């Protein structure tokens, strides 16, 4: 402890020092004999305590007190004087002196010093607490202003509730309308929700819970209702009784509407899945079975000899139309199955990619005798793939190339075997694919502005199914199309499709 002593008498200073040391106080004391020394000491350092005589030559106690209070308002200041009248003593205390001790009663000095130090420390502690509370309140108010939630503070013992200004934004009511207790808030909760909310709140209060959360409808000032979520923290005393609850209310109407929209879309998606499943059943059984009978009957008629020309022509037309319908049904089934998320299944078996390509090309040539289809093959063609699905893939690419190329130009098919994969390219001349269509050419039901070289009704799923079949085999497909080079579809397939021997 450091003490500044204003005393012109060296003897009195020694007596005071001896008295304090005799009472067990540890301190360092600096004595100022007059105004100049006293003011210099104040400027140079801070002291824990100031002791001052009232009468010093050229300086008085009141001036000394004012000098200390102006610089260090919390430092204890005790007068130690030979004689002080009662009126003067009261005046000094009013002006800020902590206490006074007469020189002929120095036995009171140490107790007065201890009391003054305790009071000063208590005063400083209160100021620290007040400053901490001020900062805490400032942070609290800043948080309230920063959030869009309506913050509330409920004193459970007095039933008084304080609301933040955001109540107008969240609940649509002016802060001035909010009542001092909970009844104002309860009257606007939807009648169907109120019993549940009250029961939930009471249960959390009575069971020792620390938190409460609920969602309900709250009536705005305009009469409409908003969905809100309320969350609160319960403060309990040492006996566990809830004495206070602080929380916030947030408008979740937009979130609820989004959830309802999501649920609606989910229901629609489920209904679509159910419809697609029913469609698969109808197409695969109710349509495909009678169509199979038509194909079988027409095929038998076409192969029969000795038919009237008009009968043979009609049978051939029936076979062609039924085959087209069968392809459409197959495409539709594949499309539906792929859209349902299961993908198109493949069953890999050993086969020669080159040989399969030649087989499909020959079948296509037979159906399009007027067109030239050139084939170039190189490298090893052995691998494990689904033969039927690869034939479908190649048939779709050939049909597309023939459809969108002039009859006078050839279609070129290339197959090339590499170390780990095989590559298929189908190229045709003709009007290029438009740049607006090219990025989505493999999407279902996409039709560009290109004019087909000949009429061929389809449902627009051929290239979509090509991509699905390539993916099912673990490969990739791309297309390049320009006016100078024509259009080329390139398919790259690993030598073993997923599910085949050695596939990863």
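The values are calculated or read from the model by the stated rules, or taken from the named source; none is laboratory data. Being a predicted model, the structure only gives us computed values, none of them experimental. Using ideal geometry, Cβ is built from the backbone for each residue, glycine included, and neighbour counts are taken over all protein chains shown.
Evaluated against (1) assigned to a helix (DSSP H, G or I); (2) surrounded by fewer than 16 Cβ atoms within 10 Å (Cβ to Cβ); (3) in contact with a helix residue (DSSP H, G or I) (Cβ under 6 Å, 6 or more places away or on another chain), residue 388 falls short on exactly one condition, (3). The residue pairs whose first member lies in segment 171-186 and is at pLDDT 80 or above, whose second member is in a loop (DSSP other than H, G, I, E, B), and whose beta carbons are closer than 6 Å, counting only pairs six or more residues apart or on different chains, are 181/159; 184/178. On inspection, residue 453 passes the criterion of being touching a helix residue (DSSP H, G or I) at 6+ places or on another chain (Cβ under 7 Å), on the phi < 0 side of the Ramachandran plot and either surrounded by 17 or more Cβ atoms within 10 Å (Cβ to Cβ) or at pLDDT 90 or above (or both).
In this structure, does residue 421 turn out to be surrounded by fewer than 20 Cβ atoms within 10 Å (Cβ to Cβ), farther than 24 Å from residue 371 by Cβ and at pLDDT 90 or above?
On the way: surrounded by fewer than 20 Cβ atoms within 10 Å (Cβ to Cβ): yes; farther than 24 Å from residue 371 by Cβ: yes; at pLDDT 90 or above: yes.
Spelling it out, residue 421 is indeed surrounded by fewer than 20 Cβ atoms within 10 Å (Cβ to Cβ), farther than 24 Å from residue 371 by Cβ and at pLDDT 90 or above.
Determine if segment 391-399 includes at least one residue that is within 15 Å of residue 496 (Cα to Cα), under 47 Å from the mean Cα position of the chain (by Cα) and not in a strand (DSSP E or B). Spell out how you get there, then give the answer.
Residues of segment 391-399 within 15 Å of residue 496 (Cα to Cα): none.
There is no residue in segment 391-399 that is within 15 Å of residue 496 (Cα to Cα), under 47 Å from the mean Cα position of the chain (by Cα) and not in a strand (DSSP E or B).
Here residue 102 meets the list (1) at pLDDT below 90; (2) touching a helix residue (DSSP H, G or I) at 6+ places or on another chain (Cβ under 9 Å); (3) closer than 19 Å to residue 19 by Cα almost entirely, failing just condition (1).
Conditions tested, residue by residue: (1) modelled with pLDDT under 75; (2) closer than 15 Å to residue 228 by Cβ; (3) in a strand (DSSP E or B); (4) in contact with a helix residue (DSSP H, G or I) (Cβ under 7 Å, 6 or more places away or on another chain).
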| position | (1), (2), (3), (4) |
| --- | --- |
| 139 | yes, no, no, no |
| 142 | yes, no, no, no |
| 151 | no, yes, yes, yes |
| 157 | no, no, no, no |
| 162 | no, no, yes, no |
| 192 | no, yes, no, no |
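I'd like to check something: does segment 112-127 contain any residue that is out of contact with any strand residue (DSSP E or B) (no Cβ under 9 Å at 6 or more places or on another chain), modelled with pLDDT under 80 and assigned to a helix (DSSP H, G or I)? There is no residue in segment 112-127 that is out of contact with any strand residue (DSSP E or B) (no Cβ under 9 Å at 6 or more places or on another chain), modelled with pLDDT under 80 and assigned to a helix (DSSP H, G or I).
Quick one: which residue in 36, 66, 14, 30 is assigned by TED's automatic domain parsing to the domain that holds residue 120, modelled with pLDDT of 90 or more and in a strand (DSSP E or B)? So that I can check it myself, show each step before the final result.
On the way: 36 fails: in a strand (DSSP E or B); 66 fails: in a strand (DSSP E or B); 14 fails: in a strand (DSSP E or B).
After ruling out the rest, the residue left standing is 30.
How many residues are more than 20 Å from residue 115 (Cβ to Cβ), more than 60 Å from the chain's Cα centre (by Cα) and surrounded by 14 or more Cβ atoms within 10 Å (Cβ to Cβ) when one looks only at segment 35-50?
Taking segment 35-50 and keeping what is more than 20 Å from residue 115 (Cβ to Cβ), we get 35-46.
Right, trim to more than 60 Å from the chain's Cα centre (by Cα) and you get 35-41.
Next cut, surrounded by 14 or more Cβ atoms within 10 Å (Cβ to Cβ) only: 35, 37-39, 41.
The total comes to 5.
Among the residues making up segment 210-247, a single one is within 29 Å of the chain's Cα centre (by Cα), at pLDDT 90 or above and not in a strand (DSSP E or B): 210. Going by what's in this entry, would residue 109 be described as modelled with pLDDT under 90, surrounded by 16 or more Cβ atoms within 10 Å (Cβ to Cβ), closer than 22 Å to residue 12 by Cα and assigned by TED's automatic domain parsing to the domain that holds residue 56? No; evaluated as a whole, the condition is false for this residue.
For segment 80-92, indicate whether the set of residues that are closer than 29 Å to residue 26 by Cβ, assigned by TED's automatic domain parsing to the domain that holds residue 6 and loosely packed, with under 13 Cβ neighbours inside 10 Å is non-empty. Within segment 80-92 (the criterion being closer than 29 Å to residue 26 by Cβ, assigned by TED's automatic domain parsing to the domain that holds residue 6 and loosely packed, with under 13 Cβ neighbours inside 10 Å), the answer is yes, since at least one residue qualifies. Answer yes if at least one residue in segment 93-102 is part of a helix (DSSP H, G or I), touching a residue at least 24 places away in the same chain (Cβ under 8 Å) and surrounded by 11 or more Cβ atoms within 10 Å (Cβ to Cβ), and no otherwise. No - not one qualifying residue is present in segment 93-102.
Report yes if residue 278 is over 21 Å from residue 182 (Cα atoms) and either at pLDDT below 85 or surrounded by 12 or more Cβ atoms within 10 Å (Cβ to Cβ) (or both), otherwise no.
So residue 278 fits the description; yes.
If you check 264, 256, 244, which single one turns out to be out of contact with any helix residue (DSSP H, G or I) (no Cβ under 9 Å at 6 or more places or on another chain), surrounded by 12 or more Cβ atoms within 10 Å (Cβ to Cβ) and free of Cβ contacts under 8 Å to residues at least 60 places away in the same chain? It would help to see each step written out before you state the result.
Details: 264 fails: surrounded by 12 or more Cβ atoms within 10 Å (Cβ to Cβ); 244 fails: free of Cβ contacts under 8 Å to residues at least 60 places away in the same chain.
Just a single option satisfies the conditions, and that option is 256.
The one condition from (1) touching a helix residue (DSSP H, G or I) at 6+ places or on another chain (Cβ under 8 Å); (2) modelled with pLDDT under 70 that residue 343 does not meet is (2).
Say whether the condition of being crowded, with 20+ Cβ neighbours inside 10 Å, touching a residue at least 12 places away in the same chain (Cβ under 8 Å) and within 20 Å of residue 123 (Cβ to Cβ) is met by at least one residue in segment 14-29. No; the residues of segment 14-29 include none that is crowded, with 20+ Cβ neighbours inside 10 Å, touching a residue at least 12 places away in the same chain (Cβ under 8 Å) and within 20 Å of residue 123 (Cβ to Cβ).
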